[in-house]
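What follows is calculated from the coordinates using simple rules that are stated; it is not laboratory data. Computed from a predicted model, the values in this text were never measured in an experiment. Every residue, glycine as well, gets a Cβ built from its backbone with ideal geometry; the counts of neighbours run over all protein chains shown.
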Amino acid sequence: MVYGIYEDLVDGLFKFLRLDGQIQASLRSTLIDSLEMTTILLFLIVNTIMLIWLERKAWPRMMNMRGITFIDFNWFYIVIGFLFGILFGILIGISSGILFSILFDTIFGILFGILFGILSGILFGILLGIRFGKRFGKTWKFGLLQNIAEFLKFFSKEDIVPEKADKFPFNIGFFAFIVAPPFMLGALLPLGGEAVIADPAVGFLLIFALFSLYPVGVLITGWSSNNKYSLLGAFRSAAQMISYEIPLILSVGAVVLVSNSFSLVDIANQQTTTPLGLPFAIFMPIGFIVFITALAAETERVPFDIPEAEAELVMGWRTELTGFRYMMSMATEYFILLIGAFVGVSLFLGGSYLPLLDKAMIDTYFPLINAFIFTAKIWLFIFLYIWIRSALPRVRIDQLLDIGWKRLLPLAILNIIIVIIVLVLNPLIFGELQ
Amino acid sequence: MSEQMFIHMGPQHPVNHGLWTLKVRTEGEKVIDCEILIGYIFRMIEKIAESRPFNTFQPLADRLCYVSALSWEASYILALEKLMGIEVSKRVQYLRVILLEFQRIASHLTWLSAFTVDVGMITMQVITFREREYILDLLEHVMGSRMMYNYFRVGGLKHDIPFGFEEDALALTYHLDKRFEEYTDMCDKSRIFRLRSKGVGILNKEDALNLGATGPVLRASGIQADIRKIEPYLVYDELDFDIPVKTDGDCYSRYRVRMEEMHQSNRIIRQALEKLPEEGEINQKAPRKLPKGEIYFRTSDPRGEGGFYIIGNDDKIPYRVKIKSPAYSHLALTSHLLRGVKVADIAPIVASIDLCMGEIDR
């Protein structure tokens, strides 16, 4: 739906070019695909930057002002800021809608304009609310340029390869196994509704397969950088990721059982046919909890940030990374969290649809709202992790392995058994197979 | 991984709050042995004290520990007063108790922040400092400095407390009590915090006594010992407070003991504010020379038992000054605690005994 614009665009472009039919057909599909890929990558990168920005903003605020109890939160100002923002958003929405209607002259253009306006307005409102609360130092408006500034700073730093490091694995392992795989995943991620570039039969198994290249990269980088902290961190990381891969896959297995498909799009669609259109997280809560926990371990976030463990291992496996490499390692971590949120939202939270709202109605009348709902759900999912980060301490490596093997694995299996029993008793509760 | 290797943690490493080296021999994730290297910030404090008039050493006594400067200053001044045989007025004694207990709370809050961040709970690092700021503001209002106070004098205080101090102090104690509940919510109710601190770094009763543990570390190992009760020095015998004690001897007990000590400090402050006499000489005359004789005076520092051994020689300059630092013996027993634990437990154990390098490398 979202990508429909590109087809119009490319067709419009071909009006000016007179090409042979076959060449034109192949060129057309290539152009559309690359434009779609650019969109999703751009979406991911922008969202990663925004994620880091949000964490930088929300996390200290949670720590400094509220602890876990949210006592000092000044709701009054937030509400006022929010109202202002929505007013502003409607104004921007109308004006940009008019602008887009002049530019593109389609219903999508107008809708896109209004949606853009309202989204930016709400964002503006939240920011204004925070602004009305308590504020500290910032880079440009709301500190939005902070990440860009740091990006530039990291680029200007010297790229140091330690003298006694094993140069070849240190250079190749990092970029090949840590940085590259998440970028490949762009093609498999649906950007709302059925807007996905490639929907292979193996579906999200491919995503998890590319995910599991990450510990290999961590191990190679940590080992080859010839530092004891890096080495310990890398071993911890490998042990952690291998032991949490299994509950992660098993918790997802229950979803595959009921949907008979590996496709993120199909699974998301199936959740609109359940009773009241409720997502799978309601029907298999154990599986959802196992998924969230295992994903936190996979992405090395608190309470499972043991490979990093700044208290005893300085910076864990990335101790010897400097400048650009360090930035890429951190960005990749957030990138993976974002992709995990994509998968989690599609599998457990109903993808780009809401309960009680008819799928056909949304698809026909508000096609672009899919992307908006999807993005909102992703941010909700990520906010959970930021909240956890501000509230929980870090577990020890043996305790972590205990939790993984002794708690999560049985829970995941129990979840599958419960799902099978429910499925045998009443198959319709999980919706119709797509 | 059965191969053993050395990991150097220090001199600058997140695990050691201060400047020292922990040389750990590990086998995989397990600590086999460890060695402690100190001496990076040795400043010849004792020698300086023996080479200048006794009253000019007082600012340096502040600098023994940057977290609880006032308690070291008090140790030094009280030792001198006992050597000279000066009895200060009740008002001064009560004021000293109030300020010392505030200093104790501030020190424990700093400790709590360091300990919880080593466990991995970064939020606690920030919110404890938020409350510590209030205490420092109050102390600054009285003494004009946030860190190195230099306020006590032989024979009293530098000047009287400012107007409105009593009300502020009383309000602050109630505020702190409320905040401590929030800390309990954050830490004690967190399952992961208990996982990380219970049964970690156990110091049993015999070892605690043999290795010279004092203060909260000793009390967490099941011995109810506090100088404020055993040898009451200011007006502590007139005040009603409990000495918290735990029997497990692990990190969690040390944490609980310190948390309850902060509650008790609040109690002491409230009673002292109630009993504070309206009148009394703030700064009485003190002799210029130290009399002949020797004295060992110990006080209940936030870290344990801090003491000064002073020999006077009928002169302005003391013949000998020896400082007994609780953190020094605690640092020595750290190597005992660390044997056989996991690498990840080093940070909580080292943090739980509350080291301060200023008074160790004096």
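Tabulated values for the structure
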item: Qualifying positions in the stretch B:277-308 - surrounded by fewer than 19 Cβ atoms within 10 Å (Cβ to Cβ) and in contact with an Asp or Glu (Cβ under 7 Å, 6 or more places away or on another chain); result: B:ILE282, B:LYS289, B:PRO291, B:LYS292
item: Pairs with Cβ under 7 Å, 6+ apart, first in the stretch A:4-17 and under 19 Å from A:MET37 (Cα atoms), second of a type in the set (Val, Ile, Thr); result: A:TYR6/A:ILE32; A:GLU7/A:ILE32; A:VAL10/A:ILE32
item: Residue in the stretch B:170-190 that is over 30 Å from A:SER390 (Cα atoms), among the aliphatic types (A, V, I, L, M) and either away from every other protein chain (no Cβ under 14 Å) or buried (at least 22 other Cβ atoms within 10 Å of the Cβ) (or both) present; result: yes
item: Residues of the stretch B:191-212 that turn out to be assigned to a helix (DSSP H, G or I) and away from chain A (no Cβ under 12 Å), as a count; result: 6
item: The stretch A:161-188 residues that are under 16 Å from A:LEU219 (Cβ atoms) and without any contact (Cβ under 8 Å) to a residue 60 or more places away in the chain, paired with ones that are of a type in the set (A, V, I, L, M) and part of a helix (DSSP H, G or I) (beta carbon under 7 Å, 6 or more apart); result: A:PRO169/A:ILE220; A:GLY173/A:ILE220; A:PHE177/A:VAL216; A:PHE177/A:ILE220; A:PRO181/A:LEU210
item: Considering residues of the stretch A:388-422 that are among the basic types (Lys, Arg) and buried (at least 18 other Cβ atoms within 10 Å of the Cβ) only, the residue farthest from the other protein chains (Cβ to nearest Cβ); result: A:ARG389
item: Per-region count, the stretch B:80-89, residues crowded, with 24+ Cβ neighbours inside 10 Å and closer than 14 Å to B:GLY307 by Cα; result: 1
item: Residue match in the stretch A:245-265 (condition: in contact (Cβ under 8 Å) with a residue 60 or more places away in the chain, within 14 Å of chain B (Cβ to nearest Cβ) and surrounded by 23 or more Cβ atoms within 10 Å (Cβ to Cβ)); result: no
item: Test set (1) hydroxyl-bearing (Ser, Thr, Tyr); (2) within 14 Å of another protein chain (Cβ to nearest Cβ); (3) farther than 19 Å from B:THR123 by Cβ - A:THR375 fails condition number; result: (2)
item: Subset of the stretch A:291-303 (residues that are touching a Leu at 6+ places or on another chain (Cβ under 6 Å) and more than 19 Å from A:ALA254 (Cβ to Cβ)); result: A:THR299, A:VAL302, A:PRO303
item: Those strands (runs of 3 or more DSSP E) lying entirely in the stretch B:229-346 with at least 1 residues aromatic (Phe, Trp, Tyr) and touching a Gly at 6+ places or on another chain (Cβ under 7 Å); result: B:293-301
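Let's see how each residue does on (1) in contact with a Phe, Trp or Tyr (Cβ under 7 Å, 6 or more places away or on another chain); (2) of a type in the set (Val, Ile, Thr); (3) surrounded by fewer than 23 Cβ atoms within 10 Å (Cβ to Cβ):
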{"position": "B:LYS30", "(1), (2), (3)": "no, no, yes"}
{"position": "B:ALA49", "(1), (2), (3)": "yes, no, no"}
{"position": "B:ARG91", "(1), (2), (3)": "no, no, yes"}
{"position": "B:PHE102", "(1), (2), (3)": "no, no, no"}
